[in-house]
Amino acid sequence: NLTRHPGADCYPWWSPDGRIIYSLPEHAPNENDENLWEIRVDARTGQSVGEPRRITNWAGGHAAVSSGTADGKMLTVERGGREADVYVGELEGGGHRLKEARRLTLDEHDDIPHAWTADSKAVLFRSNRNGTWDIFRQRIDEYSAELVVSGPDYKWAPVMSPDGAWILYLSRLSPELGAATPVRIMRVPVSGGPPQLVLEGVRIEDQNCALSPATLCVFSEVDLGTKQVVFWALDPVKGRGRKLTSVNPKPIPAAYSGGGGRHGWGLSSDGSRLAFSQPDQREGVIQIISLDGREASEVVVKGWGNLGRMSWTVDGKGLYVSSIPASAGSLLLYVDLQGRADVLWQKLGAGGLGTEGVPSPDGRFLAWLGYTNENNYWLLENF
């Protein structure tokens, strides 16, 4: 009875020697990976005999039994799936176009970019390649990544402090971000060393830092009472600073993944403005919020809706914005402050997953989240 094994593949294979072979997902954060298991069954009663036994120890993608030989000695297995990868390309045309786009991370796990190092030579990203969500950096002229922070906690949103001394990141104990989940902002020296606590709060969603000579870092936190998204100044050493502003957001639909379950926003490179998107399938509206007391404005992105994660261009004249079209693909747009949009990158059939683009501090390159799909059939013997 496979009901005692939640997540078992719905197409098991019953071998001639009395084993049922099935696939089973791994535990978080590798729940998108599957491996083959077996359990012996009494052919007369249909009851299981003994405990399940793991057959494979694969990393990356799903695994499903296709068929087996009549003597039970060989098995055909379909392996594959979709993984998140870091892509990089060179910006041209004032940031409106990409050239020489290529995949940077070449492993078979999920890699999600968030920021660049201050010298524009390496991308900071999170990855589950070691079984937990850890922070890595990889130079754009190299093929392997360097581990920055590891550990059993769930880590995301690494950014560089404006002075280039610290890598800041968010951390929580559980992969799930619940209504009252404690979230810590951590720092680690760029030169290396143990992580240090900056501050702890509830429903901290994201963070961003301006570029030098600006000094501002900002983090967003959902107020559990008012449901507002509140933006606070962040000092990498002293912690929480003054309240900067707040936004009354629309509810995030359960099926919306453009912001990964978070509100999409970005801090301009000079630290003077915030851009904030409201999830809406029909229209794309970005609020431009001044942090120096000037009146807020709106950018209506003509022809595009369901906007998600976003980053400002280095010159402050536009934004790199994720959009999920009705066709369930994935789009990365360049949007100017008049609402005109150019498609920088598109992935059809990406399952309605969002992307995000991050420009290098020198404005020459863009790193973004893309998806790689791969499926192959394998023959399994002596299992």
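Highest mean first, how do 309-318, 108-117 rank when packing is the count of other Cβ atoms within 10 Å averaged over residues? All intermediate terms of the calculation are to be shown ahead of the outcome.
Details: 309-318: 20.1, 108-117: 22.4.
Final packing ranking: 108-117, 309-318.
Sorted largest first by accessible area at a 1.4 angstrom probe radius, with every protein chain in place, the residues M74, M186 fall in the order M74, M186.
Across the chain, C-alpha contacts under 8 Å between residues 6 or more apart give a mean separation that, scaled by the residue count, equals a relative contact order of 13 percent. Shown here: the chain, whose C-alpha atoms stretch 78, 42, 40 Å along the first, second and third principal axes, sorted largest to smallest. Stokes-Einstein D for segment 334-383 at 10 °C, 1.306 mPa s, Kirkwood Rh over Cα pairs, in µm²/s? Reported coefficient: 109 µm²/s. The protection proxy used here, the mean number of other Cβ atoms lying within 10 Å of each residue, ranks peptides 270-278, 170-178 as follows, highest first: 270-278, 170-178.
Leaving out ligands and nucleic acids, note down the accessible area per residue over segment 89-191 with a 1.4 angstrom probe, in whole Å². Walk me through the numbers on the way to the answer.
Values: 4300 Å² over 103 residues.
Here the residues of segment 89-191 average 42 Å² of exposed surface.
Which pairs, out of K155/K302; K317/K347; K99/K238; K243/K347, put more than 31 Å between their alpha-carbon atoms? The answer is K155/K302; K99/K238; K243/K347.
For segment 30-83, the spread of Cα coordinates along the three principal axes comes to 42, 24, 14 Å, biggest extent given first. Applying D = kT/(6 pi eta Rh) to segment 69-121, where Rh is the Kirkwood radius over alpha-carbon pairs, T corresponds to 10 °C and eta to 1.306 mPa s, the Stokes-Einstein value obtained is 107 µm²/s.
Work out, in µm²/s and without decimals, the Stokes-Einstein translational diffusion coefficient of segment 290-347 at 4 °C, 1.567 mPa s, Rh from Kirkwood over C-alpha pairs. Estimated via Stokes-Einstein, D reaches 107 µm²/s. Available extension along the chain between T226 and A28 is 68.1 nm, counting 0.36 nm per residue and deducting the alpha carbon span. Using the Cα coordinates of segment 1-155, the gyration tensor eigenvalues translate into equivalent-ellipsoid semi-axes of 43, 17, 11 Å, sorted from longest to shortest. Modelled label positions at R103 and S290, each set 7 Å beyond Cα in the direction of Cβ, lie 4.6 nm from each other.
Peptides 123-135, 215-227 ordered by packing proxy, namely the average of other Cβ atoms within 10 Å per residue, highest first: 123-135, 215-227. Inter-label distance, E142 to W378: 2.9 nm, where each label sits 7 Å from its Cα along the C-beta direction. Each distinct pair of alpha carbons in segment 103-184 adds a 1/r term; the inverse of their mean, the Kirkwood radius, is 13.2 Å.
The slack between E92 and D163, meaning 0.36 nm per residue of separation minus the straight C-alpha distance, is 22.8 nm. Taken about its Cα centre, the chain carries a charge dipole of about 680 debye when Lys and Arg each add +1 at the Cβ and Asp and Glu each add -1 at the Cβ.
The values are calculated or read from the model by the stated rules, or taken from the named source; none is laboratory data. Since this is a predicted model, take the numbers as computed values, not measurements. A quick note on method: Cβ atoms are made from the backbone with ideal geometry, for glycine too, and the neighbour counts reach across all protein chains shown. Calculation scope for accessible area: heavy atoms of the full protein, side chains included, ligands and nucleic acids excluded. Shrake-Rupley method; radii C 1.70, N 1.55, O 1.52, S 1.80 Å.
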